[in-house]
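Since the structure comes first, as C-alpha cells, the remarks are kept for the end.
What follows draws every value from the coordinates through simple rules; no lab data is involved. Every value quoted in this text rests on a predicted model; they were computed, and no experiment measured them. Neighbour counts run over all protein chains shown; Cβ positions are idealised from the backbone, glycine included.
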Amino acid sequence: MSEKSLNLFGEPIAVCSKNPLTGFYRNGCCDSGKDDSGRHMVCAVMTDEFLKFSKAMGNDLSTPIPQYRFPGLKAGDRWCLCVLRWKEAYDAGKAPKVVLEATNEKALHYVSMEELLPYAHKKEETDQAG
C-alpha cells in the first residue's frame, strides 16, 4: 500500500474502527491495495440482520477466528466489509449502514453513490469507532 487512501468524497479516509481493529491491513481504515483480493473497502455498521444474512451466504462474520486476528462481530461494530459482500446484501435488501467518510473511494468501481447514500450512517447514531 503506497498511496494514501481517499474516501467517497475524495478526502483522506477516516478511521472505520480500532475496536474491533478492522481493515485488510488491520490499521483501522478501509485501505485496499493489490494484495486485497476481497476489496475490503466499505466501512459498514453491523446489524444482527446482516450478520445472519452473511452467515447464511457462507461468510460467518460473528464467530471469532483468532489465528486471523478476527474477533467475531456483533451488531453495532464497524467493519471494513468486502464491497461485493455489501452489494450482495444490498441486492437482497439486507445491507448494513455505511460510514461514507470511512469508505474507500475505490468502492465506487463496484457500487454507485446512489446505492450507498440511502445507507449512510448518521452521526447521531451509536458510534463505536473507538
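Net charge in the neighbourhood of Phe50 (other residues with Cβ under 14 Å of its Cβ; Lys, Arg +1, Asp, Glu -1) is +2. For the options Ala56, Ala102, Ala120, a Gaussian network treatment of the chain with springs between C-alpha atoms closer than 10 Å singles out Ala56 as fluctuating the most.
Compare Glu105, Glu114, Glu88 in a GNM of the chain, Cα atoms joined below 10 Å, and give the one with the largest fluctuation. Maximum among the listed residues: Glu114.
Cross-link candidates for Lys122: which aspartates and glutamates have Cα within less than 14 Å, leaving aside residues fewer than 8 places away along the same chain? Cross-link targets: Glu101. Run the dipole for the stretch 1-101 about the Cα centre, Lys and Arg Cβ at +1, Asp and Glu Cβ at -1, nothing else charged, and hand back the magnitude in debye, nearest 20. The calculated dipole for the stretch 1-101 is roughly 200 debye.
Taking a straight line from the alpha carbon of Lys94, these lysines sit under 17 Å away, with near neighbours fewer than eight places off in the same chain left out: Lys52, Lys55, Lys74.
Of Ala14, Ala107, Ala92, the residue with the greatest mean-square motion in the GNM of the chain, using alpha carbon springs below 10 Å, is Ala92. Under 17 Å of direct C-alpha separation, and excluding same-chain neighbours fewer than eight residues apart, Lys106 reaches these lysines: Lys4, Lys34, Lys87. Dividing the radius of gyration of the alpha carbons in the stretch 1-67 by their Kirkwood radius gives 0.99 for Rg/Rh.
Computed over the stretch 1-115, the quotient of the alpha carbon radius of gyration and 2.2 N^0.38 Å is 0.97.
Each label was represented as a point 7 Å from its Cα along the Cα-to-Cβ direction; for Glu88 and Leu117 these points are 2.8 nm apart.
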